[in-house]
Structure formats: C-alpha cells, structure tokens
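Student: Quick one: this structure, given as structure tokens, is what I'll be asking you about.
The values are calculated or read from the model by the stated rules, or taken from the named source; none is laboratory data. All values reported here derive from a predicted model rather than from experimental measurement. Cβ atoms come from the backbone with ideal geometry, glycine included; neighbour counts cover every protein chain shown.
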Amino acid sequence: MDTVVVSVGVSPNPIVPDSLPELKTTQWGTIEVDKDMLQSSIPEMFAGGDIVRGGATVILAMGDGRKAAQAMHKYLNHK
C-alpha cells in the first residue's frame, strides 16, 4: 500500500479550539490532552500532532494518531 501524508504549516489551526469553549487549551493555543490517552477535556475528543504539540515532525504526528486510535478503541469498548 502506498501512502501520502501532507503536512502544511507548523502552528495549530485555531478554528476547533475557538469554537468549543469547554475545550481546554494551553497559552500557545494547543489542545490540552492526557499524555497517555491523548484524550482532551471533552471525553469524546482525542487529539495529537501539531494541534497538541505545536510544530513537530510528521513521525510524531503519526505516532500520536496510532496512540489516539488505540485510546479511542479502548474508550468506546468500555463506554
């Protein structure tokens, strides 16, 4: 399987955090998450990559995606 990952920019887009007042963010505008589960202050919302870390590598973002997917699976199966 071939995969193309497009990564544009190095700062988080403020649209999501600005539209959800119950979502906790840092002073830099990134989303606060539990470091192990990548779960935000909104229990059904998981986040990773630049929106959590700020500008980082695509490798870290892909790792966050994998970790978040595992956490979502666990969350949904225990709900």
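Student: Based on what the data block shows, is LEU23 outside any helix (DSSP H, G or I) and either surrounded by fewer than 15 Cβ atoms within 10 Å (Cβ to Cβ) or over 10 Å from the mean Cα position of the chain (by Cα) (or both)?
Tutor: Spelling it out, LEU23 is indeed outside any helix (DSSP H, G or I) and either surrounded by fewer than 15 Cβ atoms within 10 Å (Cβ to Cβ) or over 10 Å from the mean Cα position of the chain (by Cα) (or both).
Student: Looking only at residues that are aliphatic (A, V, I, L, M) and buried (at least 17 other Cβ atoms within 10 Å of the Cβ) in the range 49-66, which one is nearest to PRO17 (Cα to Cα)?
Tutor: ILE51
Student: Please work out which one of (1) at pLDDT below 95; (2) within 22 Å of HIS78 (Cβ to Cβ); (3) loosely packed, with under 12 Cβ neighbours inside 10 Å is the condition PHE46 fails and give its number.
Tutor: Going through (1) at pLDDT below 95; (2) within 22 Å of HIS78 (Cβ to Cβ); (3) loosely packed, with under 12 Cβ neighbours inside 10 Å one by one, PHE46 breaks only (3).
Student: Mind checking which residues of the range 67-79 are closer than 21 Å to VAL16 by Cα and surrounded by fewer than 16 Cβ atoms within 10 Å (Cβ to Cβ)?
Tutor: The one that is closer than 21 Å to VAL16 by Cα and surrounded by fewer than 16 Cβ atoms within 10 Å (Cβ to Cβ): ALA69.
Student: Please go through the range 34-57 and give me each residue that is assigned to a strand (DSSP E or B) and of a type in the set (Asp, Glu), ordered by number.
Tutor: None - no residue of the range 34-57 is assigned to a strand (DSSP E or B) and of a type in the set (Asp, Glu), so the list stays empty.
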